[in-house]
Amino acid sequence: MTGIKTVWAGRMLSAFAVVFLAFDGAIKLMRLPAVLDATVQLGFPLGSVVPIGLTLLVCTLIYVIPRTSVIGSVLLTGYLGGAVAAQVRAGNPPFEMVFPIIVGALVWGGVCLRDRRVQALLAPRG
């Protein structure tokens with residue numbers, strides 16, 4: 001199942017996720033007013049913005065490296081799960097709760113399509 005079209009589809013899904021996650025991490029490091037306001041609205045202290053941004057960028061970097069992409073997927077799943085929990089706790093609209101799940105699906109969809117190890121792990125056994 002790892003034909004060239006499948007691998008490229010996985011790369012594209014991964015690229016969409018990486019662009020969004022890198023942008024999100026970068027704007028946290030820049031401490032933009034909108035990011036600071038959103039952080040407070042979610043119930044986090046202002047001092048947590050930079051560590052959260054660094055964590056996201058490190059997890060994304062681990063995901064981008066082919067040898068560590070599966071570990072990066074797991075780490076990003078944890079990060080995005082925390083994002084869902086924060087949105088639910090804040091009582092935000094459904095889309096804001098579901099968006100991190102969509103990004104997680106892009107992360108896992110991308111790694112599944114481009115990595116034979118993950119395909120073998122998920123293959124039906126019989």
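The set of residues in the stretch 37-48 that are closer than 21 Å to Val88 by Cβ and assigned to a helix (DSSP H, G or I) comprises Asp37, Ala38, Thr39, Val40, Gln41, Ser48. Inside the stretch 49-122, counting only helices (runs of 4 or more DSSP H) that do not spill past its ends, which hold 1 or more residues that are at pLDDT 95 or above and either over 14 Å from the mean Cα position of the chain (by Cα) or over 23 Å from Val7 (Cβ atoms) (or both)? Passing ranges, in order: 49-64, 69-90, 94-114. Among the residues making up the stretch 1-58, those that are free of Cβ contacts under 8 Å to residues at least 40 places away in the same chain, surrounded by 12 or more Cβ atoms within 10 Å (Cβ to Cβ) and of a type in the set (Lys, Arg) are Lys28, Arg31.
The values are calculated or read from the model by the stated rules, or taken from the named source; none is laboratory data. Not measured: the values here are computed from a predicted model. When we count neighbours, we look across all protein chains shown, and the Cβ atoms used for this are built from the backbone with ideal geometry, even at glycine.
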